[in-house]
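This is the structure, below, for whatever I ask next.
The values are calculated or read from the model by the stated rules, or taken from the named source; none is laboratory data. Note that the structure is a prediction, hence the values are computed from the model and not measured. Cβ sites come from the backbone with ideal geometry, for glycine too, and all protein chains shown count toward neighbours.
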Amino acid sequence: MDIIKKIYNDKKFMSIAEPMLTHKEFVKTKNIVHHGSTRFNHSVKVAYVAYKLSKMLGCDTKSAIIGGTLHDFFLVRDDDNLSAYTKMLINHPTIAKENAIKYFGVNEKEQNIIESHMFPTSTVAPKSKEAWIVALSDKIISMSDATVTAKAKVAMWMLFLINFIR
Ligand SMILES: [Fe+2]
Ligand SMILES: [Fe+2]
């Protein structure tokens, strides 16, 4: 069965995620290519893995679902140019956080989940178990996409090294 269909059949997950997944602004991410999938499908998968992990570990599943769903809530398209792409990799967690506040009024914990999801290639560190879980889930889903581009890998490693040495 299609993984997205399977996720949509999970009533507990959908009771939290549905208002976001049907919101007219968030639905626009369906039209943006992201790691060879759409940004919408990527976000749903990250949120679901984060939900399952947080449930397994006895964490706050609601914040994991909200943070996971909205972690890449930005409408800028991937740019072909490596320097613009790297800049976007740095800036998008803040843009996503601002959109999440604007459209869904997310709380401080969820704001940190979104802003730190690129850790260790971001300057903001995860402050909760759920933030660590979403950061890990994002990496699992991103790397499992067979179509992660060489450009994305180069930019990620560059940022990781810059953060590591400073
Ligand atoms: Fe991201
Ligand atoms: Fe992501």
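Conditions: (1) away from ligand 1 (no atom under 11 Å from the Cβ); (2) modelled with pLDDT of 95 or more. LEU82 meets all but one. Number of the miss?
(2)
Enumerate the pairs (first residue in segment 32-45 and within 11 Å of ligand 2 (Cβ to nearest atom); second residue anywhere and β-branched (Val, Ile, Thr) and not in a helix (DSSP H, G or I)) with beta-carbon separation below 9 Å, excluding pairs fewer than 6 apart on the same chain, so at least 6 apart or on different chains.
HIS35/THR147; HIS35/VAL148; HIS35/THR149; SER37/THR147; ARG39/ILE32; ARG39/VAL33
I'd like the full set of residues that are part of a loop (DSSP other than H, G, I, E, B) and of a type in the set (D, E, K, R), limited to segment 19-38.
Start the filter on segment 19-38 by keeping residues that are part of a loop (DSSP other than H, G, I, E, B), which leaves 22-25, 32, 35-36.
Across segment 19-38, the qualifying residues are LYS24, GLU25.
Looking at segment 14-34, which of its residues are of a type in the set (Lys, Arg) and in contact with a helix residue (DSSP H, G or I) (Cβ under 7 Å, 6 or more places away or on another chain)?
LYS30
Looking at segment 135-146, I want the residues that are of a type in the set (Gly, Ala, Ser) and within 13 Å of ligand 1 (Cβ to nearest atom) and have a partner that is at pLDDT 80 or above and outside any helix (DSSP H, G or I) with Cβ atoms under 6 Å, at least 6 apart or on another chain. Which pairs are those?
Filtered contacts from segment 135-146: ALA135/HIS117; ALA135/PHE119; ALA135/PRO126.
Sticking with this structure for a sec: Can you tell me which residue among PHE26, PHE13 is within 16 Å of ligand 1 (Cβ to nearest atom) and buried (at least 19 other Cβ atoms within 10 Å of the Cβ)? Break it down into steps so the answer makes sense when it comes.
Numbers: PHE13 fails: within 16 Å of ligand 1 (Cβ to nearest atom).
None of the others qualify; the one that does is PHE26.
When segment 111-129 is examined, which residues are found to be within 15 Å of ligand 2 (Cβ to nearest atom) and part of a helix (DSSP H, G or I)?
ILE113, ILE114, GLU115, listed by residue number.
Which of (1) away from ligand 2 (no atom under 13 Å from the Cβ); (2) under 15 Å from the mean Cα position of the chain (by Cα); (3) within 23 Å of GLU18 (Cβ to Cβ); (4) not in a helix (DSSP H, G or I) does PHE73 not meet, given it meets every other one?
(1)
Moving to a separate point now. Determine if segment 138-157 includes at least one residue that is more than 12 Å from ligand 2 (Cβ to nearest atom), under 24 Å from CYS59 (Cα atoms) and either crowded, with 19+ Cβ neighbours inside 10 Å or at pLDDT 95 or above (or both).
no
Based on this model, can you work out whether PRO93 counts as within 16 Å of ligand 2 (Cβ to nearest atom), at pLDDT 95 or above and in a loop (DSSP other than H, G, I, E, B)? So that I can check it myself, show each step before the final result.
Values: within 16 Å of ligand 2 (Cβ to nearest atom): yes; at pLDDT 95 or above: yes; in a loop (DSSP other than H, G, I, E, B): no.
When the stated conditions are applied, PRO93 does not pass them.
Condition check: among the charged types (D, E, K, R) and within 13 Å of ligand 1 (Cβ to nearest atom). Does ARG77 satisfy that? Spell out how you get there, then give the answer.
Working: among the charged types (D, E, K, R): yes; within 13 Å of ligand 1 (Cβ to nearest atom): no.
It is false that ARG77 is among the charged types (D, E, K, R) and within 13 Å of ligand 1 (Cβ to nearest atom).
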